[in-house]
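Please treat every number below as a calculation from the coordinates, not as lab data. Everything quoted here is computed from the prediction, not taken from an experiment. Don't worry about glycine lacking a Cβ; one is built from the backbone with ideal geometry, like all the others, and counts go over all protein chains shown.
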Amino acid sequence: MIPLSVPHIFGNEAKYVQECIETGWVSSAGAYVTKFEEVMAEYTGAKYAVACMNGTAGLHLSLRLINVKRDDLIICPNITFIATLNAVTYACARPLLVDVDTKTWQMDMDLLERKLETETYQEGGNTYLKSSKQKIAAIMPVNVLGNIGDMEKMLSIAKKYNLPIIEDSTESLGSFYKGKHSGTFGKLGVFSFNGNKIITTGGGGMIVTDDEELAKRGKHLSTQAKISAHEYIHDEVGYNYRLVNVLAAIGVAQMENFDKVLKRKHEIDAFYKAELQAVGDIEFQEVLDGVDPNYWLCTIRTSKMRKLLQYLNERKIISRPFWMPMNQLNMFKGDPYFTDENHSAHIYENCISIPSSSNLSNEQLETVVKTIKEVY
Ligand SMILES: Cc1ncc(COP(=O)(O)O)c(C=O)c1O
């Protein structure tokens, strides 16, 4: 079996976990939580980092932190993993879906700019959708597959329409735009350490921000909004969204080897491109000038997607289709969707993710490529 994207554990993980167990610091307090937050803040260049139990919780918390209200709209790409929109729904808000760029597969910023111009109005410093009079409360771009879209355009849109940015950077640890790390462009950015991500804690997440107040309140809300260390007094409805020390310990160990993992991801991408770019109608995600992606999960676009999917999986080369676009899911069919040509549908019908784990051997990569070529 050649897996799709699995944990790569080859450092101090067991040692640090053992230490947690031996000292009894296995739960939500402990030095590794703070250490992991420091490591993540330093790596991303954010001033503050708040650990949480997973990326979905981090996104939900972030929406609470910017005081999203019931029925507010959050601008999200139509192609993303469901967790982005689940978090929006937990916050009692609704998505305003935006089609993706046909080349980068990221939220189409030109389309967003055009539609905001014609479909919205401004009042009292806020932006509202004309058709429903709902307030647009934030933009939540997603760095799909570790790639990054046109951030400059996004920043100018956010400024013009007075919209805070929460970056769903769950897939893009190690991705940079003009030297700046993903997740650090807006008010808040969120990372995931799910088992399939570029590093993992088994399950985990991290919010990053430069805003001290947001960081403090994020920690507070993730800790049941408890105001005293020794008494059970709470000042608002909070969550038990903390990351536990034993998982943070794994995160610290994973980050010690992150450079090696990132280097291997780049090698895997370069190998696939060299071998597959000229095969049949295979295309890769376009990377814009100034973007340095982490190449988390290699995904190719081809009209033979369904055939390839079956052929590879039958041979135990684990491959997956892309996420069904959000506007096609029952829960979001009625939500507004900015699109001209519905590129999302074509991308969904033609994209397939192929094995990309950083612990794949060169022999395994050659097997993947050889098997793909058999289909053309
Ligand atoms: C785009 C996207 N958003 C959100 C999440 C949620 O992260 P988690 O699984 O840590 O809750 C993930 C990953 O699973 C994701 O890929």
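Structural remarks
- Anisotropy class assigned to region 183-241 is oblate, per the alpha carbon gyration tensor with a/c at or over the 1.5 cut-off and a/b no larger than b/c.
- The chain: relative contact order in percent, alpha carbon pairs under 8 Å with at least 6 residues between: 25 percent
- Prolate/oblate/rounded label for region 258-374 (Cα gyration tensor, a/c 1.5): prolate
- Taking a straight Cα-Cα cut-off under 18 Å and skipping sequence neighbours fewer than 8 places away in the same chain, the aspartates and glutamates within cross-link reach of Lys216 are Glu37, Glu38, Glu42, Asp235, Glu236.
- Computed over region 248-376: relative contact order in percent, which uses C-alpha pairs under 8 Å that are six or more apart: 32 percent
- Per residue of the chain, the DSSP helices (runs of n ≥ 4 H) give a summed -39500 (n - 2.57) that works out to -11500 deg cm²/dmol at 222 nm.
- Alpha-carbon centroids, region 1-71 and region 287-316: separation in whole Å: 28 Å
- Net length available on complete extension from Leu329 to Asn162 is 57.2 nm, with 0.36 nm assigned per residue and the Cα-Cα distance removed.
- 17 Å Cα-Cα reach of Lys15 towards lysines, excluding residues that sit fewer than 8 places from it in its own chain: Lys35
- Electrostatic dipole magnitude of region 13-256 [Cβ: Lys, Arg +1; Asp, Glu -1; Cα centre; debye, to 20]: 460 debye
- Residues Thr201, Thr102, Thr302 arranged by fewest to most Cβ contacts within 10 Å: Thr102, Thr302, Thr201
- Label zone (Glu42, point 7 Å along Cα-to-C-beta; backbone nitrogen cut-off 15 Å) within region 1-33: 32-33.
- Dipole of the chain, positive direction: furthest Cα of Leu247, Leu173, Gln122, with charges on the beta-carbon: Leu247
- Candidates per trypsin sites (Lys or Arg not before Pro) in region 302-352, loop by DSSP, up to 13 other Cβ within 10 Å: Lys316, Lys333
- Gap separating the Cα centres of region 338-374 and region 77-139, nearest whole Å: 27 Å
- Other residues within the sphere of radius under 10 Å centred on the Cβ of Asp72, judged by their own Cβ, net out at +3 (K and R +1, D and E -1).
- Of Ser175, Ser353, Ser182, the sequence from fewest to most neighbouring Cβ atoms within 10 angstrom is Ser353, Ser175, Ser182.
- Order of His230, His346 under a 10 Å beta carbon neighbour criterion, fewest first: His230, His346
- Full extension of the segment from Arg70 to Glu22, taken as 0.36 nm per residue of separation minus the current Cα-Cα distance, would add 12.7 nm.
- Shape category assigned to the chain from the gyration tensor of Cα positions, a/c cut at 1.5: oblate
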